[in-house]
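Chemist: Mind having a look at this structure? Questions to follow.
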Amino acid sequence: MIFRIFFEKTVTYMAIKKREFPETLIIRPPSEYRSLLVRLTRGCKWNRCRFCGLYPHLGEPNFSKRTVPEVKHDIDLLKQRHPKAETVFFGDADPLQIGADAFIEIAQYLRKVLPVKRLTSYARVSTLWKLKKDAIRHLARAGLDRVHIGLESGDAKTLNFHHKGQSPKMVQETTGWLKEAGIEVSFYVLLGLGGKDHWQRHILATATLINKTEPHFVRLRRLWLYRSDTVFSGAECPLFKEIRAGDFKPQTPEGSVLELKLLLEKLDSHLATFVVCDHQNNYVHVSGRVRDDKDDMLATIDEFLALPEKERAAHYQAVGSRI
Ligand code: SF4
């Protein structure tokens with residue numbers, strides 16, 4: 001037994017000792033482009049959302065947890081390179097899968113060694129929901145300031161169809177716990193997720209859920225139907241299976257602009273939520289606080305929709321899709 005412990009410790013130490021570069025993340029939010037990126041887990045444990053498949057596509061098909069010493073070692077390496085870093089982001093897809101205690105230990109270590117002013121992380125609703133209110137309070141005390149959550153849709157049927165593994169009720173409850181603990185909530189919403197047939201249902205339910213939860217941020221993206229990739233040898237978007245079977249009809253470009261318009265129209269005008277199209281694949285980019293800027297954002301969309309049809313079509317062609 002003693003030998004085994006000694007052996008494991010030695011192997012771990014050697015593995016850590018050898019690494020001179022920190023591991024990096026596969027995906028990060030655009031808003032974290034200046035943040036130090038710290039990897040707690042690799043890939044996505046859930047990996048079942050029909051519209052996604054991105055981690056396998058980009059070369060990380062499996063999920064694994066990293067050890068606390070490994071992550072601390074990465075933080076030390078990052079500190080040597082960026083000793084004054086003030087914003088830090090934890091990934092990959094759902095870093096709380098490392099366990100709340102490990103997450104807290106890493107967050108506390110990070111705050112001890114770097115002058116961090118903002119610590120943010122991706123988090124799945126189902127993971128936060130399992131943690132419950134008290135554990136979320138502990139995360140806040142350890143210095144977690146904001147979570148980036150894939151809401152995708154507020155519509156239960158759309159979430160079920162895409163195997164998202166969360167319900168609007170779970171979103172509402174966890175958002176309440178996070179806000180109560182003082183953690184900012186940033187939702188990602190996917191335009192086009194209801195397809196051509198259910199877009200209104202998708203958008204109306206999403207607006208309802210945003211009105212109920214009033215997150216700090218709503219970040220908009222358009223559903224990205226990517227083909228297989230020769231560079232990463234990644235497979236195509238899993239949703240193509242449903243498209244071929246006739247179970248999902250992709251939204252048109254103009255339809256996704258109408259979705260954006262309907263969503264904004266249905267948001268309560270008193271919301272302090274900041275809405276932003278901070279991804280290049282949006283056809284129309286609007287940003288602003290709902291209570292201050294809703295009319296201006298809607299005017300921008302109407303201005304675009306008033307352009308001649310040929311110009312709009314050329315614009316849709318030019319924007320294209322990318323991660
Ligand atoms: S959307 Fe998020 S939870 Fe779903 S498979 Fe992709 S990374 Fe995993």
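Chemist: Mind putting a number on the dipole of the chain about its Cα centre? Charges go on the C-beta only, +1 for Lys and Arg and -1 for Asp and Glu, and I need it in Debye to the nearest 20.
Modeler: Computed about the Cα centre, the dipole is about 1200 debye.
Chemist: Which entries in the list K84/K266; K130/K249; K79/K294; K133/K157; K179/K266; K65/K112 go over 31 Å, if you measure between the two C-alpha atoms of each?
Modeler: From the list (K84/K266; K130/K249; K79/K294; K133/K157; K179/K266; K65/K112), the Cα-Cα distance tops 31 Å for K84/K266; K130/K249; K79/K294.
Chemist: Rounded to the nearest percent, how much of the accessible area of the chain (1.4 Å probe, protein heavy atoms only) is carbon and sulfur?
Modeler: Heavy-atom surface of the chain belonging to carbon and sulfur, 1.4 Å probe: 54 percent.
Chemist: Using the C-alpha gyration tensor of the chain, what are the square roots of 5 times its eigenvalues, in whole angstrom, with the largest one first?
Modeler: In descending order, the three semi-axes are 36, 23, 19 Å.
Chemist: How high is the relative contact order of region 20-319, given as a whole-number percent (alpha carbon pairs under 8 Å, six or more residues apart)?
Modeler: 15 percent.
Chemist: Just the number please: accessible area per residue for the chain, 1.4 Å probe, all protein chains included, in Å².
Modeler: That works out to 49 Å² for each residue.
Chemist: Over the chain, what is the percentage of antiparallel beta bridges among all DSSP beta bridges, to the nearest 5?
Modeler: 20 percent
The values are calculated or read from the model by the stated rules, or taken from the named source; none is laboratory data. Everything numeric here is computed off the predicted structure, so don't read it as measured data. No Cβ is skipped: glycine too gets one built from the backbone with ideal geometry, and neighbour counts run over all protein chains shown. All accessible areas refer to the heavy atoms of the entire protein, side chains included, with ligands and DNA or RNA removed. Shrake-Rupley method; radii C 1.70, N 1.55, O 1.52, S 1.80 Å.
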